[in-house]
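The values are calculated or read from the model by the stated rules, or taken from the named source; none is laboratory data. From a predicted model like this one, the values you see are computed outputs, not experimental measurements. Heads up, the Cβs are rebuilt from the backbone with ideal geometry, glycines too, and the neighbour counts pull from every protein chain shown.
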Amino acid sequence: MLRAALEQTPLIVEHRLYYGGRSPERRVFEDHEDLEAYLGAHAKPGDDVWVWRFDALCLNDNTLTHGKVPDADGNVPEGGAY
């Protein structure tokens, strides 16, 4: 299921640690092998892994904020790819 979803969109992964000595890890994955490698190296028995589709959650009409980065003179270029 995750491999099929990753063919369509990045996935947001929250890794909640069973022993909970720290906050959950949150990462975005675009490649199934990277996701497998992360879980293989970091997930331990009892950990909880939550996964969301990026394209279902991160939409232009539900952003907290957005903006363009100014150049060294403080000017913001207009237009562009975004």
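Overview of values
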read-out	value
So GLY40, is it assigned to a loop (DSSP other than H, G, I, E, B) and free of Cβ contacts under 8 Å to residues at least 40 places away in the same chain	no
Residue count, segment 20-46 (criterion: more than 21 Å from LEU59 (Cα to Cα), surrounded by 14 or more Cβ atoms within 10 Å (Cβ to Cβ) and either of a type in the set (Ser, Thr, Tyr) or under 12 Å from the mean Cα position of the chain (by Cα) (or both))	3
Test set (1) surrounded by 11 or more Cβ atoms within 10 Å (Cβ to Cβ); (2) within 21 Å of MET1 (Cβ to Cβ); (3) not polar (S, T, N, Q) - LEU17 fails condition number	(2)
Conditions (1) modelled with pLDDT of 95 or more; (2) more than 11 Å from the chain's Cα centre (by Cα); number of the one not met by PHE54	(2)
Per-region count, segment 43-70, residues of a type outside the set (A, V, I, L, M), touching a residue at least 40 places away in the same chain (Cβ under 8 Å) and closer than 20 Å to LEU17 by Cβ	1
Residue among THR63, THR9 that is assigned to a loop (DSSP other than H, G, I, E, B), within 16 Å of the chain's Cα centre (by Cα) and exposed (fewer than 12 other Cβ atoms within 10 Å of the Cβ)	THR63
